[in-house]
1. Grab the DSSP H runs of the chain that are 4 residues or longer, score each as -39,500 (n - 2.57), total them, divide by all residues and round the 222 nm result to the nearest 500 deg cm²/dmol.
2. Out of Phe45, Ile185, Asn149, whose Cα points farthest toward the positive end of the dipole of the range 4-202 (charges: +1 Lys, Arg; -1 Asp, Glu; placed on Cβ)?
3. From the P(r) of the range 54-203, can you give the percent of Cα pairs sitting at distances over 25 Å?
4. When N counts the residues of the range 1-94, how does its alpha-carbon radius of gyration compare numerically with 2.2 N^0.38 Å, as a ratio?
5. Relative to the Cα centre, what is the charge dipole magnitude of the range 6-85, using +1 at the beta carbon of each Lys and Arg, -1 at the beta carbon of each Asp and Glu, and rounding to the nearest 20 debye?
6. In debye, nearest 20, what is the charge dipole magnitude of the range 4-202 about its Cα centre with +1 on Lys and Arg Cβ and -1 on Asp and Glu Cβ, if you could check?
7. Looking at Pro88, Ile198, Leu117, which one has the Cα that reaches farthest to the positive end of the dipole of the chain (charges on Cβ: Lys, Arg +1; Asp, Glu -1)?
8. Can you tell me the relative contact order of the range 4-202? Whole percent, Cα pairs under 8 Å, sequence separation 6 or more.
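Please treat every number below as a calculation from the coordinates, not as lab data. These numbers were taken from a predicted model, which means no experiment stands behind them. Don't worry about glycine lacking a Cβ; one is built from the backbone with ideal geometry, like all the others, and counts go over all protein chains shown.
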Amino acid sequence: MNAHKGKTAVAVSADDIKQTLPGYNPRASHLVHRESTRIADRQFFFLLKDTDYNDVVLMSGGSASGKTEYIETFLLDEEHIIFDGTLPTVLGASIKIKQAQKYKKNVSIHAVIPDDLRRAYLAFLGRERQYEDIHFFRTHSDSRRTLLNIASAYPDMKITLIESSYRRNMLRFEEFIFPVREDMIEFLESIQYTESEIQHFVV
């Protein structure tokens, strides 16, 4: 199974799974994206049934936001089942939430939002694992829209918003603090962008 364990957490990552697929080429990652995502979903649902971990973390954020680094820094020493993805659709997020709740898991979302989309885009371009540019624009637009919808539709869902930034040659993370849910929703509304708007920002 391609879920990987770090300390006590168990994480599932479609990007990790890609590297195990026959014919994988990091310079054409998009060619196996659908298959690796399907396998990751199947592994996640298996873990919900097969582990006694009570807590599930769904990651959210566009490509090259710093999600994997955030997981490695803050989440791997806790007893979580972690799904490392962008959370691109409300339907997909809802299915994962409902499946986790079916098995009496506590579900939360950790969303990593870069302080500078252009910086994140340059990091995206510099990766060994490459996608077409549209993947960057789409994941940042879709993940933010999904997060806003989930924050509104699931008022009791714990959502942790993290800003990633690059300072003194280090990737750093700082949590956004909102006194009430409405403030979080207002903030998420303020960072909604279409794919074309994101492309305009970074290109």
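1. Numbers: 8 runs with 88 residues, N = 203.
Calculated mean residue ellipticity at 222 nm is -13000 deg cm²/dmol.
2. Selected residue: Phe45.
3. 26 percent
4. Values: Rg = 13.0 Å, N = 94, 2.2 N^0.38 = 12.4 Å.
Working it through for the range 1-94, the quotient is 1.05.
5. Details: 8 positive and 13 negative charges, 104 e Å.
That gives a dipole near 500 debye.
6. On the way: 26 positive and 29 negative charges, 115 e Å.
Computed about the Cα centre, the dipole is about 560 debye.
7. Pro88
8. Relative contact order for the range 4-202 comes out at 24 percent.
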